[in-house]
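See below for the structure under consideration.
What follows is calculated from the coordinates using simple rules that are stated; it is not laboratory data. Since we're looking at a predicted model, the values are computed, not measured. Cβ sites come from the backbone with ideal geometry, for glycine too, and all protein chains shown count toward neighbours.
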Amino acid sequence: MVLWICLLGDLAPHQIPQYTNPQKNTDDRPTSPKIRRLPLHPMIEQRPLKIYNTLSGKKEEFRPITPGHIGMYVCGPTVYNDVHLGNCRTFCSFDTIYRYLLHIGYKVRYVRNITDVGHLTDDGEDRMAKGAKIAQLEPMEVAQRYTVGFHDIMRIFNTLPPSIEPRATGHILEQIEMVQQILDRGLAYERNGSVYFDVPKFDAENAGVYGSVSGRILEDLYTETRELKSQEEKKHQADFAIWMKARPQDLMVWNSPWSVGFPGWHLECSAMSTKYLGKTFDIHGGGNDLKFPHHENEVAQNHGACGCQPANYWVHTNMLLLNGKKMSKSDGNTISPSELFTGDSEHTSKPYSPMAVRFFMLMAHYRSTLDITDDGLMAAEKGFIKIMETNRLLQSLPVNARDFDGSETEHDRAILSLIHEAYAGMDDDFNTAIAIASLNEMGSFVHKLIHQQLAISEVSPWVIERMKTIFSSFLFEIFGLADESATSNDSGTVEGLMNLILEIRSQAREQKDWGTSDKIRDALSAAGITVKDGKEGVSWAKA
Ligand SMILES: [Zn+2]
């Protein structure tokens with residue numbers, strides 16, 4: 001970034017890319033300091049962002065409720081066992097979406113919850129309590145263990161932490177309040193201490209809302225809904241519990257106006273998204289498998305409590321397959337993240353690095369099914385190594401402004417057009433596959449320049465600089481990749497150390513201890529690291 005800003009200063013005024021993002025923000029609410037906001041050349045100016053909205057079944061132009069700001073809620077993991085690879089795909093996909101929204105200049109509040117109570121199994125038992133009984137642990141001990149494990153995996157995949165990560169057990173009061181609001185509006189009823197959402201009554205008053213996420217017809221739901229233990233208490237089969245009266249064996253229970261019990265699983269996301277993002281917010285995401293019943297019931301609850309749609313855009317990621325088949329533990333067709341990383345699986349011939357796996361996920365659009373095969377992973381690994389090598393070569397290209405006569409060459413236009421295509425891909429429902437294809441085509445220019453099949457004077461210096469900046473921005477900031485060879489598989493450590501050093505430097509500057517501050521800057525400079533103080537905070541770059 002530092003290099004890029006310095007070089008911009010050397011450009012003639014007509015060459016300085018103009019940035020006219022109408023959604024530019026003026027407040028200083030913190031967002032991730034890792035994501036820089038780039039001025040764009042007019043040729044690659046931001047087009048309208050289009051997002052496929054499950055509610056309408058088509059791509060729509062994205063319009064945030066508050067210009068420049070986005071509220072995004074993604075359903076997080078249920079922490080009763082290790083996170084599975086399908087979940088990793090969902091969270092990596094939303095991480096890329098989050099990163100891109102930050103990159104193009106939005107302030108994003110990204111909320112991803114931790115479900116640590118209320119997720120019922122088919123036999124009506126809380127999954128947290130069930131996990132606890134099996135392992136002879138306290139339910140919160142189980143939740144803590146798997147929350148830590150989940151965070152570890154997310155860090156290994158190099159995902160950014162969400163802005164807020166609320167836990168269901170920390171929001172019982174909000175959930176009780178929401179149950180009361182739904183009761184007050186006459187859309188729920190109490191039976192023996194449990195409270196059920198009255199789906200047919202809701203449907204009669206809000207035609208077309210129930211079924212809008214999953215596309216299911218209410219009549220089908222009457223016959224499809226699986227029998228739960230509490231079925232006999234409900235007025236209708238399609239009704240669902242928003243508060244459950246505890247049974248003697250239930251471990252996680254709270255007082256409520258109706259009984260000692262616990263909230264229904266769907267309620268936590270309605271209550272926590274409302275608390276942190278408002279009654280109606282911009283984007284709600286999750287895996288395809290959550291459309292029904294979870295998201296359908298969430299919409300009903302929010303409508304039932306406040307009379308409005310919770311999110312304007314519903315975004316769903318598609319499923320992972322393994323060798324063309326749905327993953328299933330019972331028939332052995334499954335692979336965990338750690339089995340992928342260690343190679344300890346009958347389905348793979350070797351270990352694959354987390355970044356190769358992340359690149360593999362990026363090679364498919366998030367709405368396509370993604371089939372994990374050993375061949376596919378091997379191809380992704382090769383592609384990942386190649387694109388990283390291309391970036392290293394690109395960054396090493398010399399730029400000699402003296403050779404430049406100020407005209408725009410045909411190669412300039414071709415490269416700018418590829419940059420345009422990369423952004424166009426991302427603006428078209430976050431199509432990472434198209435963006436990667438554009439970067440790879442840019443790579444062929446890089447290789448020609450490196451091997452002198454194309455003279456460096458044939459490309460304008462500022463276009464080369466632009467390509468350097470945008471190529472690395474896509475790889476590291478938008479795609480969330482890390483150069484494993486350059487960092488000896490330890491990019492997280494370097495990042496952590498740099499954060500620590502910059503924190504010490506900030507404290508020194510706050511205390512006007514310029515001696516320490518300068519000493520740190522000089523030592524980093526000697527190590528080839530440049531520190532830049534900007535409006536968005538402190539950033540660093542390798543020279
Ligand atoms: Zn949810």
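Which of the peptides 275-288, 434-447 is most tightly packed, and how do the rest follow, judged by the mean count of other Cβ atoms within 10 Å per residue? Numbers along the way, then the final one.
Numbers: 275-288: 21.1, 434-447: 19.3.
Highest mean packing first, the order is 275-288, 434-447.
Find how much the distance from L137 to K329 grows on full extension, using 0.36 nm per residue of separation minus their present alpha carbon separation; answer in nm with one decimal.
Working: separation 192, 0.36 × 192 = 69.12 nm, distance 2.34 nm.
Length difference between fully extended and current span is 66.8 nm.
Give me the net charge for the shell around V446: Cβ to Cβ below 12 angstrom, other residues only, Lys and Arg +1, Asp and Glu -1. List each step's numbers first, then the result.
Working: positive: K386, R392, K448, K468; negative: E389, E441.
Neighbourhood net charge equals +2.
So if each residue of separation counts as 0.36 nm, and I subtract the Cα-Cα distance between V494 and E346, what length gain in nm does that give?
Working: separation 148, 0.36 × 148 = 53.28 nm, distance 3.38 nm.
Full extension from V494 to E346 adds 49.9 nm.
So, in nm, how far is label L321 from label D289 when the simple model puts each one 7 Å beyond its Cα toward the Cβ?
1.6
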